[in-house]
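The values are calculated or read from the model by the stated rules, or taken from the named source; none is laboratory data. Everything numeric in this text was worked out from a predicted model, so none of it was measured. Don't worry about glycine lacking a Cβ; one is built from the backbone with ideal geometry, like all the others, and counts go over all protein chains shown.
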Amino acid sequence: MDISWQEFRAQCLEATVALLWRQWCSLGVSGHADPVNPSLLLDPEALLLATTILGRSEPRLFDEMLDWLNCFGGLISLQRLKNLHHSMQLGEEQVLSAIAAWLVTQKKHPRWKTLVSFKPPPGDPAPLFLGPPFSERSAPEPCFLTYGLRRSCIHVRGHSRSPNPASASNLMLTLRALIGVSSRVEVILFLGGGTPAYATEIARATGYAPRTLQALLSEMVLSGRVLSQESALGVGKKIQRGANRTYRMVSADWTFLTGGSALPEWTPWAAFFRFICQVLHAIPAPGEPEKHSAVISSKIRDAMRLAGPLLTHHRFFDDLAVRSGAPGEEILQKMSGAIFHLIARM
């Protein structure tokens, strides 16, 4: 079935927002959504960053997220949030700063002040939500207004629930609640599948600095639960100390966390959400100037190339099957036939 770029954009945005609802509801946001895929591990930092962009088209989701953060924001790793924001180029800094400033005013989360860094541009504030015009009858939210964003005053309802510890997908927050917000949680969950990995691979996937993680892994090896092995080097090759060492865990040692079942699969959500945001950004939104199909397809190919290393490894692109040199119409038809299925199964 033929589909236009504008129709594809609208359907892709709708499907992705539905995915955000599923994930936030799994973490405890008040709302109704289909269950998440229990075999995939949720990433709260990537989810929050994606919502600073995609949540602007869904005000209710955005405000329910604020309600949840007001209750359980202490479970978010702010260092990892900043790392993913900069390394993956995911999230809108202006929106993130406004959220952090608002949370600080709620008296529960003073440490979120470290995320308040954006300097608003000169001129009139821009609307936060990309939909109906801001109602002048509603008082604007001061924290968002300070950062150049106009929206109505926030009224939290306190209906958010704590993340369900019985859900394997919520395991990252469950472990943080148990042992604290620490990079050790992400290392355990990444290595829990039993596949060996280098420190640089673990750092790239989890969103931490390789040098920091190298020292951490050396400590975790002392537990006897994280195993390490030096890889053989070719003749004459030199390599930084420790960089050729792989780390792994015996997956059966960790099934007690999921009642005997295998740990959920580590999923590169930050790379996936960045890819979706880049696809949506490549296609003009309603009211924006039109772009030639060749320009749109070129930007989408660039997005696939940038996301390729992580997403291809985790089989994200298997369903898309788009040739690198395909013309715009072929990319559109291939993606429209596969990307919605991809998003739905996640």
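A few points about this structure:
- Cβ-Cβ distances below 6 Å connect the following pairs, each with a first residue in segment 291-303 that is closer than 20 Å to Leu90 by Cβ, a second residue that is assigned to a helix (DSSP H, G or I) and modelled with pLDDT of 85 or more, and a separation of six or more residues or different chains: Lys299/Ala282; Ile300/Val279; Ile300/Ala282; Ala303/Phe275; Ala303/Gln278; Ala303/Val279.
- Yes/no for Gly74 being touching a residue at least 24 places away in the same chain (Cβ under 8 Å), among the small types (Gly, Ala, Ser) and on the phi < 0 side of the Ramachandran plot: yes
- Verdict on Thr195 being among the β-branched types (Val, Ile, Thr), farther than 25 Å from Leu103 by Cα and outside the structural domain of Asp67 (by TED's automatic domain parsing): yes
- Single match in Leu171, Leu175 (criterion: part of a helix (DSSP H, G or I), modelled with pLDDT of 95 or more, crowded, with 22+ Cβ neighbours inside 10 Å and not charged (D, E, K, R)): Leu171
- Residues satisfying the stated conditions in segment 159-168, i.e. crowded, with 18+ Cβ neighbours inside 10 Å and under 18 Å from Trp68 (Cβ atoms): Ser160, Pro163, Ser167
- Whichever residue in segment 214-264 is part of a loop (DSSP other than H, G, I, E, B), over 30 Å from Asn37 (Cβ atoms) and small (Gly, Ala, Ser) and, among such residues, is modelled with the lowest pLDDT: Gly234
- Residue that is surrounded by the fewest Cβ atoms within 10 Å (Cβ to Cβ), among those in segment 259-275 that are over 11 Å from the mean Cα position of the chain (by Cα) and closer than 15 Å to Arg345 by Cα: Glu265
- For the condition modelled with pLDDT of 90 or more and part of a strand (DSSP E or B), Thr200 does not qualify.
- Odd one out for Pro35, checked against (1) surrounded by fewer than 17 Cβ atoms within 10 Å (Cβ to Cβ); (2) in contact (Cβ under 8 Å) with a residue 24 or more places away in the chain: (2)
- No other residue among Lys108, Lys82 is surrounded by fewer than 20 Cβ atoms within 10 Å (Cβ to Cβ), free of Cβ contacts under 8 Å to residues at least 40 places away in the same chain, within 30 Å of Ala166 (Cβ to Cβ) and not assigned by TED's automatic domain parsing to the domain that holds Ile179 apart from Lys108.
- Filter result for Glu64 (under 21 Å from Asn170 (Cα atoms), touching a residue at least 12 places away in the same chain (Cβ under 8 Å) and among the charged types (D, E, K, R)): yes
- Scanning segment 1-35 for residues that are modelled with pLDDT of 95 or more and β-branched (Val, Ile, Thr) turns up Thr16, Val17, Val29.
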